[in-house]
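Engineer: Before we start, here is the structure in question, set down as structure tokens.
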Amino acid sequence: MTDKAEMLSCIDTALEKLHEEGRYRTFIDIERRKGHFPHAVWTKEDGSEQDITVWCGNDYLGMGQHPVVLEAMHEALEATGAGSGGTRNISGTTVYHKELEAELADLHGKEAALLFTSAYIANDATLSTLPKLLPGLIIYSDALNHASMIEGIRRNGGEKRIFRHNDMEHLRALLQADDPAAPKLIAFESVYSMDGDFGPIREIIELAEEFGALTYLDEVHAVGMYGPRGAGVAERDGLMDRIDIFNGTLGKAYGVHGGYIAASARMCDAVRSYAPGFIFTTSLPPVVAAGAAASVRHLKTDQTIREQHQTNARILKSRLKALGLPIIDHGSHIVPVIVGDPVHTKAISDMLLEDYGVYVQPINFPTVPRGTERLRFTPSPVHDPKMIDGLVKAMDGLWSACALNRQELSA
């Protein structure tokens, strides 16, 4: 590769490949309206607007619109202004950051918590830093772990082992094959977001205790939504005290922005002191930290919203099943409908948006394996019966039409 034109040609080729395979990702321009979530307004390319209902958002509980959160953010904005003004080490630590870290440590029953700008960065920074702190560390990672965990483990320079998804026999075999004296850590998730299945937390903890390994649990798709105080699946199952490091997000069920780890004070201090992804990044704006703290605090006591969330998920799954649609149901709040082809997945997504005002993004490779392309619905407590009716009727009509179209194309 010798000149700029040739390099740009390679970029064009890469983009063309995505278009040809039907995997090119399009972003639609939507505007959330305060007090009306999950309703939003879609601004089309011609400048016209259409009212839509968001069915694929990660604001799982609608907390991004909750009065408690908005009030806390307004107060912090008036008190402090916009940004934090620096990294945590250089003028970017405020009373709002410390308050939020205290709320998160309390949530998970840990001595400390450490804030990051996203859960992705929290995973990447922590997992890439641990081998510096624990020489010879071997990390055992579930095959379906999130990209942020994979990236952190990949570039940490240490040893890694990948065990088949939720396969405890394979994990045991890998642990047995390694030096008993080597430091070990098992990294896994509580809820895997694409299929909505649960990690076998108790079984992994038991293996970790048998082989002297640390446990690293990503609760990103569970915090706020499971457990008596919303600490996640480990809390629901009474296992929090047996997990060494939690990873969580403030941008999903808590409706704001940011990520964190919660662990012992010693562990958080070490990551704080050695992780470049923490040290050299501007801290969250105080207004964001204030809103997140208010959301975490509120959801520690609001069990009603969690119950309604699970109820709506069960209703949607049962109604889609009644239509004969190929949904995956592992008992979580995530409702994936398998289409199995990127072109048809995009076509159904487009028709739902254009004809019915239902917004759900297609999920394609590499996020999911080829042949398992899907629509991933995330019902919330604020999706009312009328919205559910509209979605079910739309899916009923479009699924039949697309199935007929696929038969004609294959004939």
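The values are calculated or read from the model by the stated rules, or taken from the named source; none is laboratory data. Source: prediction; values computed, not measured. Note that we place each Cβ from the backbone using ideal geometry, even for glycine, and neighbour counts take in every protein chain shown. Ligands, DNA and RNA are stripped out before the accessible areas are found, and what is left, the full protein with its side chains, is counted by its heavy atoms. Shrake-Rupley method; radii C 1.70, N 1.55, O 1.52, S 1.80 Å.
Engineer: So, taking all protein chains as they sit and a 1.4 Å probe, how much accessible area belongs to Trp399, in Å² rounded to tens?
Structural biologist: Roll a 1.4 Å probe over it and Trp399 shows about 60 Å².
Engineer: Dividing the Cα convex hull volume of region 190-265 by residue count, how many Å³ per residue is that?
Structural biologist: Given the Cα convex hull of region 190-265, per-residue volume reads 93 Å³.
Engineer: Assign one of three labels to region 107-152, namely rounded, prolate or oblate, based on the Cα gyration tensor with a ≥ b ≥ c the square roots of its eigenvalues; rounded applies when a/c is under 1.5, prolate when it is not and a/b is larger than b/c, and oblate otherwise. Write down the numbers at each step before the final one.
Structural biologist: Details: a/c = 1.63, a/b = 1.21, b/c = 1.35.
In terms of gyration-tensor shape, oblate.
Engineer: Need the C-alpha centroid separation for region 207-230 versus region 55-115, integer Å.
Structural biologist: Centre-to-centre (Cα) distance: 22 Å.
Engineer: A follow-up question, please. In Å, the Kirkwood hydrodynamic radius of region 1-146 over pairs of distinct alpha carbons? Provide the component values of the computation, followed by the final result.
Structural biologist: Values: mean 1/r = 0.0481 Å⁻¹.
In region 1-146 this quantity evaluates to 20.8 Å.
Engineer: Something else about it: In percent, what relative contact order does region 178-280 have, based on Cα pairs under 8 Å that are 6 or more apart in sequence?
Structural biologist: On the way: 155 pairs, mean separation 20.3, N = 103.
Dividing the mean separation by the residue count of region 178-280 yields 20 percent.
Engineer: I'd like to know which of Thr301, Trp55, Ala72 lies farthest towards the positive end of the charge dipole of the chain, counting +1 on Cβ of Lys and Arg and -1 on Cβ of Asp and Glu.
Structural biologist: So the residue we want is Thr301.
Engineer: Hey, can you find the accessible area per residue of the chain for me, probe 1.4 Å, expressed in square angstrom?
Structural biologist: In whole numbers, the chain has 45 Å² accessible per residue.
Engineer: Which of the pairs Lys110/Lys160; Lys252/Lys300; Lys98/Lys184; Lys321/Lys393; Lys44/Lys346; Lys34/Lys252 have their Cα atoms more than 22 Å apart in this structure?
Structural biologist: Checking Cα-Cα distances, Lys110/Lys160; Lys98/Lys184 exceed 22 Å.
Engineer: Using unit Cβ charges (K, R positive; D, E negative) and no other charged atoms, how large, in debye to the nearest 20, is the dipole of region 284-370 about its Cα centre?
Structural biologist: Using only the charged Cβ atoms, the result is roughly 360 debye.
Engineer: Here is a follow-up. Report the Cα-based extents of region 277-411 along its three principal axes, largest first, to the nearest Å.
Structural biologist: Over region 277-411, Cα extents along the principal axes are 59, 38, 29 Å.
Engineer: If His170, His108 are ordered by their accessible area, calculated over protein heavy atoms with a 1.4 Å probe, which sequence runs from highest to lowest?
Structural biologist: His170, His108
Engineer: Within the chain, what whole-number % of the accessible surface is contributed by carbon and sulfur, with the 1.4 Å probe and all protein chains included in the calculation? Mind showing how you got there, number by number?
Structural biologist: Details: 9900 of 18480 Å².
Carbon plus sulfur share of accessible area: 54 percent.
Engineer: Dipole size in debye (nearest 20) for the chain around its Cα centre, Lys and Arg Cβ +1, Asp and Glu Cβ -1?
Structural biologist: 360
Engineer: Can you tell me how region 163-313 classifies by the Cα gyration tensor, rounded, prolate or oblate, using a/c under 1.5 as the rounded cut? Could the numbers behind the result be given before it?
Structural biologist: Numbers: a/c = 2.25, a/b = 1.30, b/c = 1.73.
Oblate is the answer for region 163-313, as a/c is 1.5 or above yet b/c matches or exceeds a/b.
Engineer: Work through the residues other than Ser141 whose Cβ is under 9 Å from its Cβ and net out their charges, Lys, Arg +1 and Asp, Glu -1.
Structural biologist: Counting the neighbours of Ser141, the net charge comes to +1.
Engineer: Can you tell me how region 1-69 classifies by the Cα gyration tensor, rounded, prolate or oblate, using a/c under 1.5 as the rounded cut?
Structural biologist: Prolate is the answer for region 1-69, as a/c is 1.5 or above and a/b outweighs b/c.
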